[in-house]
Amino acid sequence: MNQKSDLSTRDQILQMMKTSGPLSAKEITDRLQITEMAVRRHLGTMERDGLIESKMVRQTLGRPTAVYGLTEFAENLFPKNYHTLTLDLLGELAEETGEESVNRLFERRRDKLKHQYEADMKDKSFADKVRRLAEIQNDNGYMTELESHGEDEFILKEHNCPISQIAGRYNHACNCELNLFESLLDADVERTECLAQNDRRCLYIIRKHK
């Protein structure tokens, strides 16, 4: 029998749970044809890493049994082509009513985010506003890094862009993000690199108004 690495065994377990739903350790053992001890070791590691969660299920006979299923975090590891559907829908809208309609959607999203986050910025110093913005973007999947050049100038780097495919087609999305930053921070914001334009990251230079 071929030896399987920890990674390949983990992947097999994830695939099994994705296609079959929650499984017990015994069910996984029977399918993988490895020892139950090895399966439980993998399950323990995966549960600790936040990939799976367990719950007790009452059986018709005997004691309740633990079954393991995917967490939301693990579900997000599987490919999802949301951007393809979004681009198709935006394309239909642009064809039917003009690209200006698409631009207005991005502007409405910008205004909604501003309303959502401006309370977080209230009564904060400029530096704290910038730090809070970096936290917000990081929580939203942008993988941010913040550099301080004194209390009046910062460099915000975004190493990931969840909407890069959409922004690559509709540049107004990037313009709206820049406007949002300027509005929330009440600052001068300059973008010098952009993932949607095939740069390695998005990079913003943020300066306090003189």
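The values are calculated or read from the model by the stated rules, or taken from the named source; none is laboratory data. In this text the structure is predicted, and so the values were computed from the model without any measurement. Please note: Cβ atoms are built from the backbone with ideal geometry, for glycine as well, and neighbour counts cover all protein chains shown.
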Close pairs from the range 11-36: first under 10 Å from VAL67 (Cα atoms), partner in a helix (DSSP H, G or I) and of a type in the set (Phe, Trp, Tyr), Cβ under 9 Å, at least 6 apart = none
Considering only residues that are modelled with pLDDT of 90 or more and of a type in the set (Val, Ile, Thr), look in the range 152-210 and name the one that is surrounded by the most Cβ atoms within 10 Å (Cβ to Cβ).
-> ILE206
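For (1) out of contact with any Ser or Thr (no Cβ under 7 Å at 6 or more places or on another chain); (2) not acidic (Asp, Glu), each residue gets a yes or a no:
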site: GLU100; (1), (2): yes, no
site: LEU113; (1), (2): yes, yes
site: ALA119; (1), (2): yes, yes
site: ASP123; (1), (2): yes, no
site: ALA127; (1), (2): yes, yes
site: ARG131; (1), (2): yes, yes
site: GLU151; (1), (2): yes, no
site: LEU156; (1), (2): no, yes
site: ILE163; (1), (2): yes, yes
The range 1-119: helices (runs of 4 or more DSSP H) wholly inside it with 3 or more residues that are under 24 Å from the mean Cα position of the chain (by Cα) and surrounded by 12 or more Cβ atoms within 10 Å (Cβ to Cβ) are 6-20, 36-48, 72-75, 82-97
Has the range 98-107 got at least one residue that is without any contact (Cβ under 8 Å) to a residue 12 or more places away in the chain, touching a helix residue (DSSP H, G or I) at 6+ places or on another chain (Cβ under 9 Å) and of a type in the set (Ser, Thr, Tyr)?
-> yes
GLU53 vs. criteria at pLDDT 90 or above and within 30 Å of HIS172 (Cα to Cα) | no
Sort through THR97, THR86 and tell me the only one that's assigned by TED's automatic domain parsing to the domain that holds ASP139, within 30 Å of ASP139 (Cα to Cα) and β-branched (Val, Ile, Thr).
-> THR86
Is it the case that the range 65-77 has a residue that's more than 19 Å from GLN12 (Cα to Cα), assigned by TED's automatic domain parsing to the domain that holds ASP11 and either of a type outside the set (Gly, Ala, Ser) or out of contact with any helix residue (DSSP H, G or I) (no Cβ under 8 Å at 6 or more places or on another chain) (or both)?
-> yes
